[in-house]
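Novice: Before we start, here is the structure in question, set down as structure tokens.
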Amino acid sequence: MNQTSNTVRFVLDGAIVEASGEHHSTSVLDYLREHLGRSGTKEGCAEGDCGACVVLLGELDPSGTAINYLPVNSCLQLVPTLEGKSVKTVESLRHADGSLHPVQRAMAESHGTQCGFCTPGIVMSLTGLVQTVSSPTRSEINDALSGNLCRCTGYKPIIDATLKACEAPDGQLRLDDDKDLPLLRQLRDARAQPPLVRTADGREFFTPGTVAALADYLGRHPDATLLAGSTEIGLQVNKQFARPARIVYLGQVAALRQVEDRGAFWRIGAQVSLSTVQALVAQAYPDFAEVLRRFGSPPIRSTATLAGNIANGSPIGDSMPCLLALGATLLLRRGDVTRTLELERFYTGQKKNALQSGEFIEAIELPKPAPGRVFRAHKVSKRFDQDISATCCAMSYRLLDGKFADVRLAYNGLAPSPCRAPRLEAVINGRAPDAVTAVELEQAIAASFTARDGLRASWVYRSLLARNLVLQFVEEAAPTVAEATP
Ligand SMILES: Cc1cc2nc3c(=O)[nH]c(=O)nc-3n(C[C@H](O)[C@H](O)[C@H](O)COP(=O)(O)OP(=O)(O)OC[C@H]3O[C@@H](n4cnc5c(N)ncnc54)[C@H](O)[C@@H]3O)c2cc1C
Ligand code: FES
Ligand code: FES
């Protein structure tokens, strides 16, 4: 983004596009359709659920020799976040001689489309998948499609089409980006600091390049809206017609995009996406990775951040029970000052938190597995994919002489914010697995939470889930105790 020209610059199929600062809060979807004539990309829901708007966003890899692509919901992303990136739409896939990409060809030949409204989004999700996995399994294809709704065809022909497309040589599956690569390098080398675009009526979109510039801007404009993955803010723009006077975007601050190994814990920067966190915890905490696999869909997780999930503070936020059970800590920054706060002390009410004016989450410290400590988590929702929790429960513990110790138990969906459940922890701590009773857990749940029915589940159902999930985790610990007993 160039401060003097007040334009956002990005690459589209071998050409640099310059969008004016007036598009401060225009969605990428609207810009593609209404200003660039790319009407292949569709609007279904405008809230990240249907996938009709999926496009691929390309970023130069650190070596500058390749482009990494991510599927995104273009309805949720704002135009100024495209600065220095490339975009691929369904129109980008057709070769110069008019022939189709193998995914498009296989979709047509395998009858993977009927009315066709979902098809461009599905083709882009699958094209994104085959950029990194040339022979995906059915399960990987299912995951890749979990954010694409098709109301007419049924998914079998679409999955068959993907498998068929993957019979094509790798070279044909890869996106043709020979012309984009030098242009992305050109944009990287020409980038001015610090970028800022403005609308004629004075609304600003600021993209700092460093944490210090971000902290300084927030110090001067504590009312500015922080933008990370845009999966919440995008909804506010589309559905509540929010037009913030000032937006400050974290996406170009390299330090916030890093995960650092600090020995006993990982330091996860505020702009690290949930897909990255999912891969990070896959070995260490498989249950956490599974909760994240069911968080939204790949286009949501490719941009949505862990910090955004925490800051948003929804009562049914899915990462927080896991983070609370694992003892995560937040690094909060204001000006030059950084303080640490345990996540369990962050929430002060429904969607209220301990952030002070001008303060932001800089990073999350996530403890690594400790010897003997067990972690379990499970999310319950009506649908397996792309659905909101009725509740998600996470528990970590140690077993000492066959008895539970250091139990940390947390839920979402039961209280105004995700929280630990100390009364339930007290029931379990110091007891052998077979000594923990359902009745005691029920009593502790009744004493801990205010019974209230929600849109997604009644209290009777939620409290039963809350009990049964713990019982399951407790019962699963019993064989470990039995094995250790001579
Ligand atoms: C289709 C769809 C499916 C979803 N599925 C799930 C789901 O399964 N589970 C779930 O829990 N959530 C879900 N969400 C909600 C959302 O994706 C998450 O809350 C996500 O983690 C938000 O992160 P973000 O980076 O996109 O935040 P943004 O939209 O960029 O920001 C969210 C909020 O956090 C603030 N913020 C962002 N970064 C910081 C920071 N560093 N410091 C302080 N404040 C900050 C912003 O100002 C804003 O108020 C879903 C949303 C959509 C649209
Ligand atoms: S239009 Fe439905 S996800 Fe974007
Ligand atoms: S083909 Fe009609 S919605 Fe999928």
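Novice: How big is the dipole moment of the range 255-367 about its Cα centre under a simple scheme where the beta carbon of each Lys and Arg is +1, that of each Asp and Glu is -1, and everything else is neutral? Debye, nearest 20, please.
Specialist: 260
Novice: Among THR199, VAL123, LEU145, whose Cα lies farthest out toward the positive end of the dipole of the chain, if unit charges sit on the beta carbon of Lys, Arg (+1) and Asp, Glu (-1)?
Specialist: Most positive-ward Cα: THR199.
Novice: Once the piece of chain linking GLN240 and HIS111 is laid out straight, how much longer is it, given 0.36 nm per residue of separation minus the C-alpha distance between them? Present the calculation step by step, with values, prior to reporting the outcome.
Specialist: Details: separation 129, 0.36 × 129 = 46.44 nm, distance 3.82 nm.
Going from the current span to full extension adds 42.6 nm.
Novice: Give me the one-decimal nm value for the distance between modelled label points at GLU18 and ARG257, 7 Å along each residue's Cα-to-Cβ direction.
Specialist: Here the answer is 2.4 nm between the modelled labels.
Novice: Which distance in nm do the two modelled labels at ASP434 and ARG339 give, with both placed 7 Å along the Cα-to-Cβ direction?
Specialist: 4.9
Novice: For helix 180-190, report the angle its Cα long axis makes with the longest principal axis of the Cα atoms of the chain; keep it between 0 and 90° and round to the nearest 10°.
Specialist: Taking the Cα atoms of the chain, the angle to 180-190 is about 80 degrees.
Novice: Starting from 0.36 nm per residue, how many nanometres of slack lie between ASP216 and HIS95 once their C-alpha separation is accounted for? Spell out each step's value before the answer.
Specialist: Numbers: separation 121, 0.36 × 121 = 43.56 nm, distance 4.67 nm.
Result for the pair: 38.9 nm of gain on full extension.
Novice: If you don't mind, another one. Based on the alpha carbons, how large is the Rg to Rh ratio for the range 105-192 when Rh follows Kirkwood? The partial results should precede the final answer.
Specialist: On the way: Rg = 15.5 Å, Rh = 14.3 Å.
That ratio equals 1.09.
Novice: Right, another one. Can you compute the charge dipole magnitude of the chain about its Cα centre, using +1 on each Lys and Arg Cβ and -1 on each Asp and Glu Cβ, nothing else charged? Give it in debye, rounded to the nearest 20. Don't skip to the end; give the middle numbers.
Specialist: Values: 51 positive and 52 negative charges, 170 e Å.
Using only the charged Cβ atoms, the result is roughly 820 debye.
Novice: Count the DSSP beta bridges whose two residues both fall in the chain, then state the antiparallel fraction as a percent rounded to the nearest 5. Don't skip to the answer; put the middle values down first.
Specialist: Values: 59 of 67 bridges.
Counting only bridges with both partners in the chain, antiparallel ones make up about 90 percent.
Novice: Set the Förster radius R0 to 41 Å, insert the Cβ-Cβ distance between GLU47 and GLN172 as r into 1/(1 + (r/R0)^6), and round the FRET efficiency to 0.05. Please report the intermediate quantities before stating the final value.
Specialist: On the way: r = 34 Å, r/R0 = 0.83.
FRET efficiency, GLU47 to GLN172: 0.75.
Novice: Once you charge only the Cβ atoms, +1 for Lys and Arg and -1 for Asp and Glu, what is the size of the charge dipole of the range 96-173 about its Cα centre, to the nearest 20 debye? Show your work: numbers first, answer last.
Specialist: Numbers: 5 positive and 7 negative charges, 55 e Å.
So the dipole magnitude of the range 96-173 works out to roughly 260 debye.
Novice: So, one more: Distance between Cα centroids, the range 297-339 to the range 81-110: provide it in whole Å.
Specialist: The range 297-339 and the range 81-110 have Cα centres separated by 34 Å.
Novice: Given the -39500 (n - 2.57) contribution per DSSP H run of 4+ residues, what per-residue ellipticity at 222 nm results for the chain, rounded to the nearest 500 deg cm²/dmol? Before the final figure, lay out the partial values.
Specialist: Values: 16 runs with 150 residues, N = 486.
Rounded to the nearest 500, it is -9000 deg cm²/dmol.
Novice: Still on this structure: Contour minus end-to-end for ASP201 and VAL374, with contour as 0.36 nm per residue of separation and end-to-end as the Cα-Cα distance?
Specialist: Working: separation 173, 0.36 × 173 = 62.28 nm, distance 5.50 nm.
Full extension of this stretch gives 56.8 nm more.
Novice: Right, here's the next one. Under 16 Å from the Cα of LYS42, which lysines turn up, not counting those fewer than eight places away in the same chain?
Specialist: Answer for LYS42, where 16 Å is the Cα cut-off: LYS88, listed by chain and number.
Novice: Got the relative contact order for the chain handy, in percent, Cα pairs under 8 Å and 6 or more residues apart? Numbers along the way, then the final one.
Specialist: Details: 1021 pairs, mean separation 59.2, N = 486.
Relative contact order for the chain comes out at 12 percent.
Novice: Students often check this: by mean Cβ neighbours within 10 Å, which of 291-297, 231-237 ranks highest, and how do the rest follow?
Specialist: On the way: 291-297: 22.6, 231-237: 20.9.
Listed from highest to lowest mean packing, they are 291-297, 231-237.
Novice: Would you calculate the separation in nanometres between label points at ARG151 and PHE384, each defined as 7 Å from the Cα along the Cα-to-beta-carbon direction?
Specialist: My value for the distance between the label points is 2.4 nm.
Novice: Quick one: in the range 69-143, what % of C-alpha pairs are over 20 Å apart? Before the final figure, lay out each step's value.
Specialist: Details: 1042 of 2775 pairs.
Percentage above 20 Å: 38.
Novice: Follow-up. Along the charge dipole of the chain, pointing to its positive end and built from +1/-1 on Cβ of Lys, Arg, Asp and Glu, which listed residue (LEU441, VAL380, GLY40) has its Cα farthest out?
Specialist: Of the candidates, LEU441 comes out farthest on the positive side.
Novice: For the ranges 420-431, 250-261, what's the packing order if you count other beta-carbon atoms within 10 Å of each residue, average per peptide, and put the highest first? Display every interim value, and only then the final one.
Specialist: On the way: 420-431: 19.5, 250-261: 17.5.
Those peptides, ordered most packed to least, come out 420-431, 250-261.
Taken together, the values in this text are just the output of simple stated rules run on the coordinates, not laboratory data. Keep in mind the model is a prediction, meaning the values are calculated, not measured. Neighbour counts run over all protein chains shown; Cβ positions are idealised from the backbone, glycine included.
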